[in-house]
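Accompanying notes for the structure given below.
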Amino acid sequence: MDEKLKGIIDLIDKNGGLDEAAVKEAKARQEVLAKPTGALGTLEDISIQLAGITGKTKNSMTKQAIVIMSADNGVVEEGVASAPQSVTLSQTINFTRRLTGVSSMAKYFDIDLLVVDTGVKMAIPSSLYTDEMTEEGRLTSKIANRRIADGTRNLAKEPAMTEDEALRAVMIGIEAAKAIKDCDYDIFGVGEMGIGNTTTSACVLAALCGKAGEEVVGRGGGLNDEGFAKKIRIVDDAIRGLYPSDVLGILARVGGFDICAMTGAFLGAAYYRIPVVIDGYISAVAALCAYRLAPKAVNFMFGSHLSKEKGYVIAMDALGIKPYFNLGMRLGEGSGCPISFKIIEAACAAMNGMATFAEGAIDADYLEEGKKGNFF
C-alpha cells in the first residue's frame, strides 16, 4: 500500500474514535430533556454521535456541501446500462447549472457542490474546468479536473484500472475532504455520476461480502430482462479470484474511478473528523470500502434514504448503519443528502433548544401572570 494512504489509515485507526466524554454528556442531557427517554428515537442517536465527533454536546450543522464524483465505466460496452454514456457528460455539466435532481435541491437549500471529473469519457469544455477545488473560502463553482483517464476499461474483459490508478482516485477523494475542511463546512455528503456504476458497485460489494451476483445486482436506471441477466453473469465472472481483504485490489479489478474517489472522501471525513452522509447504493458501497480499510471511519458516517437497489441493504448492514427515510428514491447523485442534512439539523435543534424538565419548570408566579392574560 502507498505510504501516504497507509499513514492516513493509521491515523484514523489511532484517532478515529468518538469523544467518550462528549458522548456521555450528550446521553445524559437526552435523558433529562422534557420528554420520555428515547422519545425522539434516531434524532437522539444522531445528536449523540455528532457530540462524539465534535466534542461538543450542542452542535450546528448548517454549512453543508455535497461532493459528486463523476466517471464513466468501460463495462457499459456489455449492454448493462439503460442510458448512453453521454448522460454522464451532460449531468456532470448540469450539476454546475443546478439543473439536476441533487443540484436543484442544493440550490434551494443553499448547499454547495463540489463536482469532480475523475474520468468522464467525453470531453468537458475547458471553460467549465478548474484545477482548484476551492475559491474564496468556498468550494469551486466549476468542475474540478482530476481526470485519470477517459473512463475505466471493460471489467468484463480486463481489470478496470491499475492499482496505481485506483490509489490515485482514492487520494482525489481525500483531497476533496480536505477542501471541505479548509472551507469550514460542518458536514458533507458523497454522491456520484457515472453510467454503468451500479454494475461496478455490485461487483465491488459482491467481492467484499462474498455474495453472488443475483444477491447484489439490481436494474439500475431501468435495465430490461436480458440486460439484467447479463449483468448478473458479468458480476459473477468478474469477482472470481478476488479476496475480500484486498480492498484496493478489488477496486482496481472491478471498481470505477468514482467509487474509488468516494472511498477516499469517506476516509478523508474520518481523517479530518467531519460528519459525512452516505447517499444511495454506490455511495454505500464506497463507504463500506472505506470502513474495510479503516474500521473507525464508520464513526463519522450518517445515513440518508433507503435505496431501491437490492445490494444497498447488504452494504448498510455491513456498516451497521440504518437509513433514515424511505421515499422510494433511486436516483443517486447524492440526492438523499440534502434531505438527510435537514433531519440532522432537526436533531441538533432538539438537542440545542429543548429544555430539560428542570429548565422548563413553570413556577406558580408565572401561572398567575398567565391567568391575568399577560402571556396567553
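None of the figures in this text is laboratory data; all of them are computed from the coordinates on show. Remember, predicted model here, so these are calculated numbers, not experimental data. Every residue, glycine as well, gets a Cβ built from its backbone with ideal geometry; the counts of neighbours run over all protein chains shown.
Structure data summary
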item	result
Whole-number percent relative contact order across segment 1-135, with pairs defined as alpha carbons under 8 Å at least 6 apart	22
Highest-MSF residue in the chain out of 101, 280, 137 [GNM, Cα springs under 10 Å]	137
Interchain or long-range residues, amide H under 5 Å from residue 356's placed H	34
10 °C / 1.306 mPa s Stokes-Einstein diffusion coefficient of segment 130-224, Kirkwood radius on C-alpha pairs, µm²/s	100
Coil-residue trypsin sites (Lys or Arg not before Pro) of segment 22-59, DSSP, other Cβ within 10 Å capped at 10	none
Alpha carbon Rg of segment 238-376, scaled by the compact-globule rule 2.2 N^0.38 Å	1.52
Peptide ranges 184-190, 235-241 listed from the most packed, as the mean C-beta count within 10 angstrom indicates	184-190, 235-241
Charge sum, other residues only, whose C-beta stays under 14 Å from residue 60's C-beta, Lys/Arg counted +1 and Asp/Glu -1	+1
Two-site label geometry, residue 35 and residue 104: point separation in nm, points 7 Å out along Cα→Cβ	3.2
Set of aspartates and glutamates with alpha-carbon distance to residue 178 below 13 Å, sequence-local pairs under 8 removed	132, 186
Local electrostatic count at residue 221 - Lys and Arg +1, Asp and Glu -1, tallied over other residues with Cβ under 14 Å	+1
Translational diffusion of segment 32-154, µm² s⁻¹ [Kirkwood Rh, Cα pairs; Stokes-Einstein; 10 °C; 1.306 mPa s]	92
Rounded D (µm²/s) - the chain, Kirkwood Rh over Cα pairs, Stokes-Einstein at 4 °C, 1.567 mPa s	61
Peptides 93-100, 349-356, 159-166, 66-73 ordered by average Cβ neighbours within 10 Å, highest first	66-73, 159-166, 93-100, 349-356
GNM result for the chain, Cα springs below 10 Å: residue of 223, 114, 306 fluctuating most strongly	223
19 Å cut-off, amide nitrogen to a point 7 angstrom out along residue 77 Cα→Cβ, residues in segment 119-133	119-123
Cβ crowding within 10 Å averaged over residues, with 298-304, 86-92 ranked highest first	298-304, 86-92
Among 242, 143, 361 - extreme Cα towards positive end, dipole of the chain, charges at beta-carbon	242
